[in-house]
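Sharing a structure with you now.
Every read-out reported here was derived from the displayed coordinates using simple, explicitly stated rules and does not represent laboratory data. Computed from a predicted model, the values in this text were never measured in an experiment. All Cβ positions, even for glycine, are placed from backbone atoms using ideal geometry, and neighbour counts span all protein chains on display.
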Amino acid sequence: MHFKIAWRMFWRELRKGELWIIAFALVLAVVTVVSLTGITESVRSALMQRSSSFMAADKVLRSPLPFNSAYFDTAAQLQLKSARQMQFNTMVFADDVMQLVSVKAVSAEYPLRGKLVLKATDKIVELTPGHVYVEKRVMQLLQLDIGDKLSIGATELILGGVIDQEPDAPTAGFTGQPRILMHINDVAATQVVQPGSQINYRYLFAGTETQLKQLQTSLEAKLTPSDRWQQVDRSSSIGSALDRAEKFLLLAGLLGIVLAACASAVAATRYSERHRMAVAVIKALGMTERQTKLLYFSQLLLITMLSMIIGLILGQLACFGAQFLIEKWVPDFVPVFSARPLLIGIATAFICSMLFALRPVLRLAEVPSLEVLRQGAPSVRLDVVHLITGAVAVFGLMWMFSQDWVTSALLFIGCAIFAGVLLLLAALLVRIVKPVAAGQSSALQLALANLRRRLWANSFQLITFSQAIFLTLLLYFIRVELIGQWQAQVPANAPNHFMVNINDQQKLELTTVLQQQQLSAGKFYPMISGRILSVNGEMLQEPEMPDSAENGQKGQQTKNDNKRQGFGRELNLTWLSELPTNNQLTSGKWFTAESRAEVSVEARSAERMKLTLGDKMALSIGGQEVTATVTSFRKVDWNSLQPNFFVILSPDLMVDFPANYMTAVHIPAERADLLNEVARQFPTVSVISVSAILTQINEIIAQVSVALSVIMVLVFAAAVLVLIAQVQASLDQREQEIAILRTLGATKAFLLKAVVYEYLVLGLLAGGFATVLVEALLSVLQVRLFELPFQLHPMLWWMGPTLGAVIIVSLAMVQLRGLLNMPSAVLLRRALHA
Amino acid sequence: MNELPSVFIETRNLQKTVQLPSSSLTILTDINLTINRGQSVAIVGASGSGKSTLLGILAGLDQATQGEVFLAGQALHQMSDDERAALRAKKVGFVFQSFLLLPALTALENVTLPAELAGLKDARAKGLALLEQVGLAERADFFPAQLSGGEQQRVAIARAFITKPEILFADEPSANLDANTGEMVENLLFDLNQQQGTTLVLVTHKASLAERCQAQWVMQSGRLTLSTDSGAKHAL
């Protein structure tokens, strides 16, 4: 029987609009969670699939030792796909022309991820034994046509076509040799693989994350110290872009959900206040408190279920939409249906309604039936239990969404401090208003007097207003400013090719060639290979982890925390008199004209080598031993895609060494032929392409921007919802006062002005608070998360207060007009019966 | 069949005091009142004299600070909130000054609500019949906001009678209405009361309305005195 009443009341209340704000808030929270989790998962999966395609596999094991079939057996047992790949440099001959090339020999299964497109006279062909496929420039270098023969070692192979698209085209660290692709079965016939040959063997694997983890565990004991894993790498440029994208979306999503949850709490509180009399009546008519609780609980449950279903459907539709767009971006993208977003959506709906909205609804049942005769004032006191359940819900949502205790805790503490500071500021400001608010003769004085009178109510309102504006502004600035700054780091004409091994003479000639093509070379950095031998006479230990450019894992590791960790390989050293622009000194002093035998070291490497200023570093350069004093540490922006060096020496040290230079240059894709020109004119110069990395980073940024725009719309909707709920609730409190003032003769214009002033002050204050906090948080995000230089946002300072004032006053006016247009008698009756 | 006891409400030395921040305020002092089954009683008095407080205690909405209250032979002062609510659902009807219809429900749904709460069958048919009696059958599906004040109070009267309550409490039932509408509502209230033989306790400061009751009690500064009695047993 009670459920029947609850069901009827639910539909009636829904039709009358009483439950809309709660319903919208819950729908919005669920849509945000489902779409965001779903879209993030899809974007992550697409990025991973795309990143995997850059390696032609999900995981790669590199080894200098010949293939161990046991590894492949283990992979087969785990139902992983696998492929073999060998890489080596060799000379190829075509008639009397010879060329040093980089050969990649692959098995038929290659590539496991991404697409290999080989073309012969505009037809797509397949990799077949007996044939080789080359980079276009090889044909020019060797003066070959398709169908011609070329010799590799002891065998002759036919030029089958050109590599049009290759998933794992070399990026950083490539030697710059022209590349040739051949079938692995032909390698034996070439006889180039001899004992001692420098061959890079690669085991390519593809499968699920779990399978790959199992593989790594299973092979752990079998791997040799020289075997190294390689996978989508979090510290490389692509990896860190991916990481930032995830952090970004996570942060943005949380904001929307917290706002929507607040809207549901405010709306539920308002709903409760408006239903006090209804509860008193049904209790007077004989309903017990327990039955009343059940009645309203059922209503909340029904609205939760309805909102949840709508939210899940809309959220899933958004995911399908996103997957559709991603498919355009990543053609081979395989959308993976995951129940996780839906489960999180269901959990969010219940967390929001049960922990945010339930408490005021249940407290409603405590309204005494006596109120039918003597209306009591609704309690404006702080409900500690509601505060605690709300806090638990916020934390629960943060954790559920981030799966990370630290992030959740930090965000939660941040929110708590935010609320505390706002409460204090609001209380302080409203008190300051006191002298101005003496009297009610003008609309402004009445407004200020009202602000003061409703001190606590206004303080809470200010928190909600500020929070909504804060989140909207924050997201807008993250979307526009930070992404903009981030994008600016990788400008459209960012260098996409490094040219190395340039001698002194070639510097000028190369500059001329580039200038003829309306291209400009960047700064020329002198470069030489060298190895760090010891620090203060103490030998360095082999590295535990390889450097950040090749973040793999060794099969077997030896660990000794007390020893200085070296690089375990030769480094590219440079010597400069000026500090590079994208470097920042963290300690010590940069070289002066008087500097003698000094060295500046990248800060993280210095930590690994346990260096302190003044240490003596011994290096082996060109067979000679050189000793230098460590005089500074530098922070290097590895994301700048400019030439960067771990070790920079003072110029005096290198006077006697032959100078070789490197530079970075932007060569548009349509001018790729220029590379051949460079190769012809400067045969000793090697070109390293980083355009693939750049393209991918730009794609990630573009994806993040689109995703953020969607989230921004959702967060803005949530913010407006909170504001509507809050303005509605606060106008309810003002309704009686307006009715009395109207009856006493106050004009509509006077009352409108008074309320507009009141909300204008609240809007300006909320916008002001939000601005200060957004600026503070942006500076932290800028410096810490995005590793960008600190920068103030002048636009924010007028946008915040304006946005606050305009939105809040507009919402208040829209809702107030209805009240003011009512005849005084109706208004008074409403107020008296409320 | 046992004959029902004739005394329906009885109070003994009733007192109501409310605690203020620095003092206490006595609203009702030593109230001794007896109302017989089927009797109509008016409680009159100035605003703030304690009429509504007494009504609240008699109806089981509130509790006295001291003294005893018996409704239909049951000791209200010893009952919990829920027990009193259950008693109200079975035996008590209300008509309030400001109608207090639930805005989300239609006129018919407002009328049938107490019947549904009491678990009565045919609530809808009974509700429609009562709306017919109060002249609002054609407005059964109207919401309170679509009805005039007089119509709302007629719906409230229909609601009060749907469970055939043994006692009806009316708090200033015509105070919010104009004279004509007020009179019509009063007639309706007394007609239905007579038809159903309900005990009626009416709080009013309208002399003409009070005079229609069999007994009139005057409330003055928290004390109750009998003014007119045409059949009530009382003890002062």
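When the Karplus curve 6.51 cos²θ - 1.76 cosθ + 1.60 is applied with θ = phi - 60°, which whole-Hz ³J(HN,Hα) does each residue of region A:71-81 get, with x for Gly and Pro?
Along region A:71-81, the couplings run 5, 5, 4, 4, 4, 5, 4, 8, 6, 8, 7 Hz.
How far is the Cα center of region A:88-106 from the Cα center of region A:641-667, in Å?
Region A:88-106 and region A:641-667 have Cα centres spaced 30 Å from each other.
In whole angstrom, note down how far apart the Cα centers of region A:761-776 and region A:563-599 are.
Distance between centres, Cα-based: 45 Å.
Same structure, new question: Label-point separation (nm) for A:Ser338 and A:Lys213, each offset 7 Å from Cα along Cα-to-Cβ?
Each label point lies 7 Å from its Cα, and together they span 1.3 nm.
Below 18 Å, Cα to Cα, which aspartates and glutamates can A:Lys635 reach? Residues fewer than 8 away in the same chain don't count.
A:Asp547, A:Glu578, A:Glu598, A:Glu602, A:Glu607, A:Glu787
Pop the C-beta distance of B:Gln195 and A:Arg290 into the FRET formula with R0 = 30 Å and round what comes out to the nearest 0.05.
Efficiency computed from Cβ-Cβ geometry: 0.30.
Grab the Cα-Cα distance for A:Ser442 and A:Gln517, subtract it from 0.36 nm times how many residues apart they are, and report the gain in nm with one decimal.
19.7 nm
Let me ask another. Among A:Lys16/A:Lys328; A:Lys328/A:Lys523; A:Lys16/B:Lys126, which pairs are too far apart, with a Cα-Cα distance over 32 Å? Write down the numbers at each step before the final one.
Details: A:Lys16/A:Lys328 44 Å; A:Lys328/A:Lys523 38 Å; A:Lys16/B:Lys126 26 Å.
Check vs 32 Å cut-off fails for A:Lys16/A:Lys328; A:Lys328/A:Lys523.
Select from B:Leu189, B:Leu55, B:Leu147 the residue whose mean-square fluctuation is largest in a Gaussian network model of chain B (Cα-Cα springs shorter than 10 Å).
Checking each option, the largest mean-square fluctuation is seen for B:Leu147.
Follow-up. Between A:Gln584 and B:Glu68, what is the label-point separation in nm under the 7 Å Cα-to-beta-carbon projection?
Each label point lies 7 Å from its Cα, and together they span 8.5 nm.
List the aspartates and glutamates whose Cα lies under 20 Å from the Cα of B:Lys51, skipping any in the same chain that are fewer than 8 positions away.
By straight Cα distance, B:Lys51 reaches A:Glu371, B:Glu10, B:Asp30, B:Asp62, B:Glu68, B:Asp171, B:Glu172, B:Glu186, B:Glu211, B:Asp229.
Take every residue in peptide A:3-13, count the Cβ atoms of other chains within 10 Å of its Cβ, and give the average of those counts.
3
Please work out the C-alpha center-to-center distance from region B:86-149 to region A:268-333 and express it in whole Å.
After rounding, the separation between the Cα centres reads 29 Å.
Moving to a separate point now. With a sphere of radius 13 Å drawn around the Cβ of A:Lys589, what net charge do the other residues whose Cβ falls strictly inside it have (Lys, Arg +1; Asp, Glu -1)? Before the final figure, lay out each step's value.
Numbers: positive: A:Arg634; negative: A:Glu594, A:Glu598.
Overall, the nearby charge balance is -1.
Is there a simple number for the mean count of other chain Cβ atoms within 10 Å of the Cβ of residues in B:92-103, and what is it?
Average neighbour count from other chains, rounded to a whole number: 5.
What is the helix-to-structure angle for B:123-133, meaning the angle in degrees between its Cα long axis and the longest Cα principal axis of chain B, kept from 0 to 90 and rounded to the nearest 10?
90 degrees
What does the net charge come to around A:Pro178 if you take all other residues with beta carbon closer than 15 Å to its beta carbon, with K and R at +1 and D and E at -1?
Its environment carries a net charge of +1.
Note the full-extension length gain between A:Ser779 and A:Leu533 as 0.36 nm times their separation in residues minus their Cα-Cα distance, in nm to one decimal.
Length difference between fully extended and current span is 84.5 nm.
Let me ask something else. Using 0.36 nm per residue, how much length does the chain from A:Val421 to A:Glu126 gain when fully extended, once their Cα-Cα distance is taken away?
Extra length available between A:Val421 and A:Glu126 comes to 99.6 nm.
Right, next: For the protein assembly as shown, compute Rg over Rh where Rg is the Cα radius of gyration and Rh is the Kirkwood radius from the inverse mean 1/r over Cα pairs.
Rg divided by Rh gives 1.16.
Angle check, please: helix B:107-117 long axis (alpha carbons) against the longest principal axis of chain B (alpha carbons), in degrees 0 to 90, nearest 10.
50 degrees
Beyond a 32 Å Cα-Cα separation, which of these cross-linked pairs lie in this structure: A:Lys81/A:Lys123; B:Lys16/B:Lys206; A:Lys104/A:Lys610?
Correct reply: A:Lys104/A:Lys610.
Oh, and also: Ranked from highest to lowest mean number of other Cβ atoms within 10 Å per residue, what is the order of the peptides A:27-33, B:195-201?
A:27-33, B:195-201
Report the FRET efficiency, 1/(1 + (r/R0)^6), for B:Ser227 and B:Leu120, where r is their Cβ-Cβ distance and R0 is 30 Å, rounded to 0.05. Don't skip to the end; give the middle numbers.
Details: r = 37 Å, r/R0 = 1.25.
So the FRET efficiency works out to roughly 0.20.
Give me the angle, in degrees from 0 to 90, between the Cα long axis of helix B:149-161 and the longest principal axis of the Cα atoms of chain B, rounded to the nearest 10.
Taking the Cα atoms of chain B, the angle to B:149-161 is about 70 degrees.
Right, here's the next one. How high is the FRET efficiency between A:Gln191 and A:Leu317 when r is their beta carbon distance and R₀ equals 51 Å, given to the nearest 0.05?
Efficiency for this residue pair is about 0.25.
Label-point separation (nm) for A:Ser824 and A:Met305, each offset 7 Å from Cα along Cα-to-Cβ?
Modelled inter-label distance: 5.0 nm.
Consider a paramagnetic label point 7 Å from the Cα of A:Ala593 along Cα→Cβ; state which residues of region A:645-670 have an amide N under 12 Å from it.
none
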